[in-house]
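Student: Got a structure for you, questions after.
The values are calculated or read from the model by the stated rules, or taken from the named source; none is laboratory data. What you see is a predicted model; the values in this text were computed from it and never measured. Please note: Cβ atoms are built from the backbone with ideal geometry, for glycine as well, and neighbour counts cover all protein chains shown. These area figures cover heavy atoms from the full protein model, side chains too; ligands, DNA and RNA do not enter into them. Shrake-Rupley method; radii C 1.70, N 1.55, O 1.52, S 1.80 Å.
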Amino acid sequence: MGEVVVARILFLAIAALGLLAALGTVLSRNLVHAALHLVGFFFCVACLFVMLEAEFLAAVQVLIYIGAVAILLMFGIMLTRNTRGDDATSLSGPWRLPGLVAGLCLFGALVFGINNAVSPSGASPWAGEAARPSLVEREGEPAWAAERRRAVEDMGRVVGEEFLTRYAMAFELAGLLLTAALVGAVALAHRDEVGAAELPPTVEALPADSAEPVGTAAS
Amino acid sequence: MPVNALPMDLRDFLRVAPAVLLSAWGLVVVAADLARYRRRDAESRRLAVGRLTLIGVGLALASAVALFGIDSLAQSDAPRLDRLLGESFASYFSRPDGLIFFGTLASGLPTDVLNVLFLTLLGLVVWTSTAYAFTDDLGEYFALLLWATVGMMLLAASEELATLFIALETMTICLYLASAFEKSKPRSAEAGLKYFIYGSVSSALFLYGLSFVYGLTGTTYFDAIGRVLGRGGHEGLAGNLVGGAALLLMLVGFGFKVAAVPFHMWAPDVYEGAPAPVSAWIATGSKVASFVVMLKVFLHALGPWSNPSNELMGPGWLGVVVVLAAATMTYGNLAALAQRNYKRMLAYSSIAHAGYILVGVAAASVSTAGPEAAGAVLYYLVVYAFANVGAFAVAAWLARDRDGDAIADLDGLARTSPALAVCIVVLMLSLIGVPPFAGFFGKLAIFMEALRQGPSGTRIVLAWLVALGLFNSVVSAFYYVRVLKAMYLREAPSVGGLQRAKSAIAVPIVVATVVVTACGIVPSPLMDLMRAIARPMLTATTLDATAVTDATPAAGATARPRPVAWTTPSRPE
């Protein structure tokens with residue numbers, strides 16, 4: 001039972017770290033720090049995927065959420081040079097109490113729902129280990145079982161094969177979708193030279209040293 | 001480790017040639033605009049980029065027509081095709097299943113006809129776009145129109161949920177962006193933002209519904225879903241909470257795309273705020289594609305859940321769609337009565353038309369004619385799309401000369417441009433549904449399908465729905481006639497009235513008029529064509545075990561293991 005104890009301790013440690021990172025995302029006043037905490041949280045989720053033996057999902061989580069989404073977020077913060085966040089977007093004064101109540105209600109609903117799903121009668125404990133269904137090949141198993149076994153054992157390969165054969169068109173189309181989104185976003189965000197000349201000088205127009213260096217502001 | 005990927009038939013790419021051409025041409029247009037046309041003055045640059053785009057649309061249209069010719073030849077005269085293309089291509093094109101890319105996309109006559117329709121409409125919309133200056137980013141604007149059309153063509157051809165969703169997103173994301181392109185007007189940005197926010201929420205809900213369907217049936221292919229659900233037996237959806245949730249979530253997604261009440265809130269603001277050609281493309285292209293795929297999903301995949309207990313309010317989607325249709329056409333028509341703005345009026349009128357088409361969707365699922373009943377819906381869609389492209393070309397005219405879009409801006413048009421005024425009259429009469437124009441036959445066909453059913457519990461209700469539809473057509477006459485009144489009974493303003501329309505405005509109006517008149521005076525060719533393509537469109541069979549060994553004996557002989565989702569799942573329920 002030694003490995004079970006190790007697995008449980010590992011889970012608790014990762015979950016605790018994830019919770020801390022999530023709290024840091026919500027509570028930090030500096031947007032860059034919040035984004036870094038978010039990266040930490042994504043990484044903890046990837047670790048949980050590894051513990052569930054979903055290694056491919058873990059790799060995708062790191063590549064897409066940390067590699068793409070979080071970095072895009074950082075670029076967004078840096079390009080707008082707004083590291084301190086907007087006071088108007090954080091709750092203050094009279095709205096704080098209703099917000100707290102709503103959050104607690106959501107928490108209660110989730111606890112109730114998950115508890116019911118895990119142990120409807122309340123009899124079985126919250127903690128438990130379940131082994132993944134056996135992946136050993138058996139005689140006379142149906143085709144779908146063999147297929148599922150292959151997909152679980154070798155997920156990256158199966159996903160890759162599907163992308164390049166059956167979903168080839170959807171895959172290409174996703175590429176077109178991203179191109180179109182990029183082209184359209186650039187066209188929409190692009191400011192005409194005439195319009196820019198009429199506007200008062202913005203942060204970009206100021207000398208570089210007078211702009212606050214991004215990310216060095218203490219929170 | 002052996003690679004046991006399935007061998008892909010690269011000839012499949014030939015059959016999506018129109019889509020491939022349009023995608024590539026979008027890049028050509030962006031590059032040419034940047035490299036060559038940017039230094040010209042605004043007027044000639046707009047015309048040059050528009051002409052370049054039209055060349056691409058023409059090429060794609062030519063390839064679609066060629067594919068149409070090949071596919072119809074494969075059905076009618078296979079030996080001749082043999083001589084023309086050689087044996088290997090000819091046998092490839094005359095394959096019976098009509099599916100490509102491992103069954104994820106349909107090809108064959110239905111797809112070809114729809115592609116020709118989309119490309120013709122796109123040509124008119126692109127031409128309208130050259131009528132007046134509303135954006136400086138011309139290359140990007142035309143490229144987005146082309147790419148939105150790629151999404152529409154693949155959406156109408158999709159036979160599988162993942163492909164469907166990505167095609168849907170390609171179409172709508174391009175349209176979100178294009179609606180915000182008139183940067184000088186704040187309401188254009190507002191339109192883009194509103195469309196984007198409502199649209200992304202509805203897409204998320206739609207995707208949630210799709211994932212429920214996948215979870216319930218274990219497959220994403222329309223045909224396989226239909227067969228799995230068909231095994232469910234008589235009670236079908238009864239007591240199936242997840243299935244009900246999936247149906248409702250998918251209805252939210254489709255309801256948003258086709259602007260059905262109560263998911264219509266975005267439509268008037270977006271149609272009003274977006275540049276007129278973009279509104280035209282949202283109202284016609286995206287609606288046609290969404291309705292086609294809605295027919296496929298609801299009649300083919302979810303057909304067994306339509307009305308399994310043979311009662312209207314029993315478990316099944318028929319009752320929900322009937323209620324949606326009734327609410328949509330009534331609300332759309334009543335709200336349109338109050339509009340003074342031409343584009344808003346067209347928006348509410350297009351909501352009302354979505355209601356009539358939903359009657360057709362409901363009718364097709366219970367009609368005794370089977371899948372062919374969907375032909376009435378397709379006919380209606382074609383007629384509706386042409387009439388609306390013409391009507392929005394008028395909106396482009398108003399925007400060019402009056403920089404506005406009130407119905408009152410049309411005052412006295414009959415005296416300044418009598419020929420085009422007559423064309424607009426024809427379009428409006430067709431939208432009302434007055435014989436002998438095509439709109440009348442579209443409504444007639446849909447309502448006849450609603451009445452053509454065996455003795456069943458839904459018969460009375462659908463008859464009432466038809467009565468409501470007729471009443472609504474009468475109501476709709478009032479607001480369309482307001483346009484005619486402005487043109488014929490009021491005096492033109494002495495200064496700043498509408499100038500002479502150039503070809504960019506006149507051609508779409510005239511073409512639309514010719515189409516609705518010709519299809520109205522001789523409705524049967526188009527109706528027969530639509531009925532003929534409705535059956536293969538709604539019964540395309542997924543390549544399952546037997547079809548694979550039949551169609552490609554070589555692949556069957558090597559006995560490669562096939563991925564799960566390809567076979568009809570045999571999992572214990």
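Student: For peptide A:58-67, how many partner chain Cβ atoms fall within 10 Å of a residue's Cβ, on average?
Tutor: 0
Student: Quick one: which residues, 5+ away or cross-chain, put their amide H under 5 Å from the amide H of B:Leu105? H built at 1.01 Å from N.
Tutor: Amide H neighbours of B:Leu105: B:Ile100, B:Glu159.
Student: Could you sort the peptides A:99-111, A:40-52 by per-residue average Cβ neighbour count (10 Å cutoff), highest mean leading?
Tutor: Those peptides, ordered most packed to least, come out A:40-52, A:99-111.
Student: Kindly provide the helix-only [θ] at 222 nm of chain B, computed as the sum of -39,500 (n - 2.57) over DSSP H runs of four or more divided by all residues, to the nearest 500 deg cm²/dmol?
Tutor: It comes out at -23000 deg cm²/dmol, rounded to the nearest 500.
Student: Let me ask something else. Summarise the partner chain shielding of B:165-174 as one whole number: the mean count of Cβ atoms from other chains within 10 Å of each residue's Cβ.
Tutor: Mean number of neighbouring Cβ atoms from other chains: 4.
Student: Counting partner chain Cβ atoms within 10 Å of every residue's Cβ in B:8-16, what's the average?
Tutor: Partner Cβ neighbours, averaged per residue: 1.
Student: May I ask for the net charge around B:Phe134, where only other residues with Cβ less than 11 Å from the Cβ of B:Phe134 are counted and Lys, Arg are +1 while Asp, Glu are -1?
Tutor: Result for the neighbourhood of B:Phe134: 0.
Student: Summed for both chains, how many Å² of accessible area, to the nearest 100, are buried between B and A with a 1.4 Å probe?
Tutor: 3100 Å²
Student: Return the residues of region A:145-169 for which accessible area with all protein chains present is lower than in the chain on its own by 30 Å² or more; set the probe to 1.4 Å and exclude ligands, DNA and RNA.
Tutor: A:Glu147, A:Arg150, A:Arg157, A:Glu161, A:Thr165, A:Arg166, A:Tyr167, A:Met169
Student: What does the charge count around B:Leu84 come to, taking other residues whose C-beta lies under 14 Å from its C-beta (Lys +1, Arg +1, Asp -1, Glu -1)?
Tutor: -2
Student: Quick one: grab the alpha carbon gyration tensor of the protein assembly as shown, order the square roots of its eigenvalues as a ≥ b ≥ c, and give me rounded if a/c is under 1.5, else prolate or oblate depending on whether a/b is larger than b/c.
Tutor: oblate
Student: With a 1.4 Å probe and every protein chain kept in, tell me what percent of the accessible surface of the protein assembly as shown is carbon plus sulfur.
Tutor: That share works out to 69 percent.
Student: Which order do the peptides A:140-149, B:427-436 come out in when sorted by mean C-beta neighbours inside 10 angstrom, highest first?
Tutor: The densest-packed peptide leads the list: B:427-436, A:140-149.
Student: For region B:168-272, which GluC sites (Glu not before Pro) are both in a DSSP coil and crowded by at most 15 other Cβ atoms within 10 Å?
Tutor: B:Glu235
Student: Out of B:Leu84, B:Ala518, B:Leu164, whose Cα points farthest toward the positive end of the dipole of chain B (charges: +1 Lys, Arg; -1 Asp, Glu; placed on Cβ)?
Tutor: B:Ala518
Student: Still on this model: Please report how many Lys pairs in region B:12-553 have alpha carbons closer than 25 angstrom, counting only residues at least 8 apart along the chain or sitting on separate chains.
Tutor: Taking the Cα cut-off of 25 Å, the pair count is 24.
Student: Sticking with this structure for a sec: Per residue, how much accessible area does chain B have with a 1.4 Å probe, in Å²?
Tutor: Accessible area per residue, chain B: 35 Å².
Student: Continuing with this model, one more query. What net charge is computed for the residues neighbouring B:Lys296, neighbours being all others with C-beta under 11 Å from the C-beta of B:Lys296, Lys and Arg scored +1, Asp and Glu -1?
Tutor: Surrounding charge for B:Lys296 is -3.
Student: Taking loop as defined by DSSP and a crowding limit of 16 other beta carbons within 10 Å, which trypsin sites (Lys or Arg not before Pro) in region B:401-456 fit?
Tutor: Sparse-neighbourhood loop trypsin sites (Lys or Arg not before Pro): B:Arg452.
Student: In vacuo Debye scattering of chain B, one point per C-alpha: log10 I(q)/I(0) at q = 0.06, 0.07, 0.08 Å⁻¹?
Tutor: Those come out to -0.29, -0.40, -0.52, one per q.
Student: Could you give the alpha-carbon Rg of region A:1-85 over 2.2 N^0.38 Å, rounded to two decimals?
Tutor: Expressed relative to 2.2 N^0.38 Å, the Cα Rg reads 1.25.
Student: For region A:1-85, what is the accessible area per residue in Å² when the probe is 1.4 Å?
Tutor: Dividing the accessible area of region A:1-85 by its residue count gives 65 Å².
Student: Are there chymotrypsin sites (Phe, Trp or Tyr not before Pro) in region B:62-169 that DSSP puts in a loop and that have at most 14 other Cβ atoms within 10 Å, and which ones?
Tutor: none
Student: Using only the Cα atoms of region B:1-99, build the gyration tensor, take square roots of its eigenvalues as a ≥ b ≥ c, and label the shape rounded, prolate or oblate: rounded if a/c is under 1.5, else prolate if a/b is larger than b/c, else oblate.
Tutor: It is oblate, given that a/c is not under 1.5 and a/b is not larger than b/c.
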